[in-house]
Amino acid sequence: MMQKNALQSLPVSWQKWVVENLANGCDSTAMVTIMERDGPFDRTLAQYALADAHRQRHPGLVAVTRLPGIDTATNKIVLPDRVVDVLVSLFIPRVVVLGNVLSDKECDAIAAMTRTRFARSTTIDNGSGVPRFDVSRTSESASIQRDETALMSRIDARLAALSGWPVDHGEPLQLQKYQAGNEYRPHFDWFDPALPGAAKHLEKSGQRLGTIILYLTDVEEGGATSFPSIGLDVFPQKGGALFFCNTTPDGSPEQKTLHAGLPVVKGTKIIANKWLREKPY
């Protein structure tokens, strides 16, 4: 769910046009093309507006593609075991910055679990789908399985409540450690179905619909998560988190979620990624 309704952000005349054409059974894809051409509106905005109109006509129905999401209707999100702060909420692409997702003690415990597991990070080869070393990613990585400990079960349940996405649709938690000079150059988290290697990962559990990045340490200088396409840098704050959708409402890869882990200048950055998949993982 989103704080701002995309349909309501359109001029009244266009709101009426969307509602009437959907009621008349017009094709959503064709409507998006018309809105992009004649509005002119950003294509993603048009898609979200149609999704809102679908939900308006059919309460309780998530239109087109069911997506994970953060409800930012209020400044604080009350979860079963914690109250989370909403710090930043962007609409297109859907990006939310959160505070107080984890306690200091939880951050330290998660990092401690993987102290001896870290190894050179890899990327997925687009041709074969197998992991490989790449100069674009110079961090170290480690994984924690779901239900590996009581702590992880509690954190996974919290993230599921936060995102509205089932625990069994989440990949294992992947930690990344960045020392001074380490970085991850601009990349997407979604899998490109046109690439053979990525297509292999789509076969099992579908697309990575959403990403949650947990910040387990503060960083003295550098280390922001940067979205160059929208001019946003999110700096690590221990216990905080960053959420973003990797696809648009129609399931298309969201090009605006291009992001990078900027080089750490001073200190150590440890983050934990939770990728939310389309199907059980």
Taking only Cα atoms of the chain, what ratio of Rg to Rh do you get with Rh as the Kirkwood inverse-distance radius? 0.98
Using only the alpha-carbon atoms, what does the stretch 7-57 span along each of its principal axes? Please give whole angstrom values in decreasing order. 24, 20, 17
Just need the relative contact order of the stretch 76-277 here, percent rounded to a whole number, with Cα pairs under 8 Å and 6+ apart. 27 percent
Which of 9, 139 has the fewest other C-beta atoms within 10 Å, and how do the rest follow up to the most? 9, 139
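Summing Lys, Arg as +1 and Asp, Glu as -1, what charge do residues with Cβ under 10 Å from the Cβ of residue 94 carry, residue 94 excluded? If you can, show how the numbers build up before the last one.
Working: positive: 256; negative: 254.
My count for the surroundings of residue 94 gives 0.
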At a threshold of 8 angstrom on Cα-Cα distance, excluding pairs fewer than six apart, so keeping six or more, what relative contact order does the stretch 7-57 reach in percent? 43 percent
By Cβ neighbour count within 10 Å, fewest first, 171, 254 rank 171, 254
Using each residue's phi in the stretch 239-249, evaluate 6.51 cos²θ - 1.76 cosθ + 1.60 at θ = phi - 60° and report the 3J(HN,Hα) Karplus result to the nearest Hz, with x for Gly and Pro. x, x, 8, 10, 10, 8, 7, 8, 10, 7, x
The summed charge of the residue 82 Cβ neighbourhood (under 12 Å; Lys/Arg +1, Asp/Glu -1) stands at 0
Angle check, please: helix 43-57 long axis (alpha carbons) against the longest principal axis of the chain (alpha carbons), in degrees 0 to 90, nearest 10. 70 degrees
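Please tell me which of these pairs span more than 25 angstrom C-alpha to C-alpha: 105/204; 200/279; 177/279; 200/238?
Flagged as over cut-off: 105/204; 177/279; 200/238.
Net charge near residue 123: determine it from the other residues with C-beta under 15 Å of the C-beta of residue 123, scoring Lys and Arg +1 and Asp and Glu -1.
Result for the neighbourhood of residue 123: 0.
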Packing-based exposure ordering (other Cβ within 10 Å, fewest first) of 271, 144, 124: 124, 144, 271
Bins of 10 Å, starting at 0 and running to the largest distance - Cα pair percent for the stretch 67-211: 10, 32, 40, 18, 1
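Not counting the cut sites, what is the longest span of the chain without trypsin sites (Lys or Arg not before Pro) that DSSP labels loop and that have at most 13 other Cβ atoms within 10 Å?
118-281
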Of the candidates 56, 10, 29, the farthest towards the positive dipole end of the chain (Lys/Arg Cβ +1, Asp/Glu Cβ -1, centred on the Cα centre) is 56
Can you give the calculated 222 nm mean residue ellipticity of the chain, where each DSSP H run of n ≥ 4 adds -39,500 (n - 2.57) and the sum is split over every residue, rounded to the nearest 500 deg cm²/dmol? -8000 deg cm²/dmol
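Kindly identify the stretch 77-150 as rounded, prolate or oblate by the Cα gyration tensor criterion: order the square roots of the eigenvalues as a ≥ b ≥ c, call it rounded if a/c is under 1.5, otherwise compare a/b with b/c, prolate if a/b is larger, else oblate. Show your work: numbers first, answer last.
Numbers: a/c = 2.48, a/b = 1.38, b/c = 1.80.
The shape class here is oblate.
Just so you know, all these numbers are worked out from the coordinates, no wet-lab data involved. Treat the numbers as computed from the prediction; the structure is a model and nothing was measured. When we count neighbours, we look across all protein chains shown, and the Cβ atoms used for this are built from the backbone with ideal geometry, even at glycine.
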